[in-house]
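Colleague: Handing you a structure now.
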Amino acid sequence: MNTVRPYRSHKDETLAPSIQWLKATLAQHPGSRIFNMGISGIFPNWGSGLQIPELGDLSSGELPWYRNYYNTYIGQGMFMSLGNPKDKFLFTDASLSLPGVRYIVVQRNFDTAIQRLDSLRYSVVMQDPIRLIYENPNPMPRSFAVAAIRKYSGLPPELGDAVRTVALTEDEAFVHEANRIGVLTLTAMPGSPQTPLESPGEIQIESYHNTGIKLQCLMRRAGIVVLTDSWHPNWTATVDGKPVPVGMVDTAFRGIAVEAGKHEIIYTYASRSLVLGEILSILSLLVFSGLIYRWHRRERALRTSHS
């Protein structure tokens, strides 16, 4: 594994023109992601080093619901991004478009992946001797509004009781809030036919950071504002300064029920373990300060008695 761990090397110093083009073009489409197949498509250290957002399966910190989405709708394999011949490519136009994948970078010798991309009628927009870069012409934005939800969490049973308990609790509050403001609820049967519904509002990402995201939305009617980042219980949200429940939509992503009108949505990430650590650190500092104070008082008292 040492050969694929992120590290600084000559690969970073002189980027291939195709990668320079990819980074510059992504900057013109905020919120877009890439999908990488093959270690020679995007080298492992480029994702973080070049700030290229990627839909992938190489992160040791993957959440189980994200992995479920990836393995169900994108592909299966030990590390699909490394190009194992036994990998299964399951991605479709819909499953790539939903998380905002605009460009697909594939190693030239990945014939199975290339055939699947060709079947989607995606065009090659950049290439070099090592890689092909395909473009999805219609990826969905990072955040958008929908008019309907289903009354079930979407969590697969194999995720385990502990995870389901946390997620279902959040999801039930989210569904209750959606019902309260009049969001249309579909049947609970997965796979049942749906009538396409016009988006109930327009969403704009005002700022985006690792621990804080601000959205502006103009809702023509009540709906669900979806953010296609992974759901996690440490993320909280407010609408116009009022706390609201964050639900899990499409198995892995975040959703908030929002009433008609103009609103500001702020997502905030606060690690519970980090908060606990800070509290313990403060308590330890107070205890230590108290012990030092008592020691000084004792020393002064002893000096006074001896004098």
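Colleague: R0 = 41 Å: FRET efficiency of Ser199 with Thr14, Cβ-based, nearest 0.05?
Modeller: Working: r = 44 Å, r/R0 = 1.07.
Approximately 0.40, to the nearest 0.05.
Colleague: Please compute the length gained on full extension between Thr236 and Ala173, using 0.36 nm multiplied by the number of residues separating them and subtracting their Cα-Cα distance.
Modeller: Numbers: separation 63, 0.36 × 63 = 22.68 nm, distance 1.28 nm.
Gain on extension, Thr236 to Ala173, equals 21.4 nm.
Colleague: With label points built 7 Å along Cα→Cβ from the Cα atoms of Ile279 and Ser123, find their separation and express it in nm.
Modeller: 5.7
Colleague: Once you place label points 7 Å from the Cα toward the Cβ at Leu184 and Thr112, how far apart are they in nm?
Modeller: 4.0
Laboratory data are not the source of any read-out in this text; all were calculated from the coordinates shown. Because the structure is a prediction, the values reported are computed rather than measured. Counting neighbours? That spans all protein chains shown, and the Cβs are built from the backbone with ideal geometry, glycine included.
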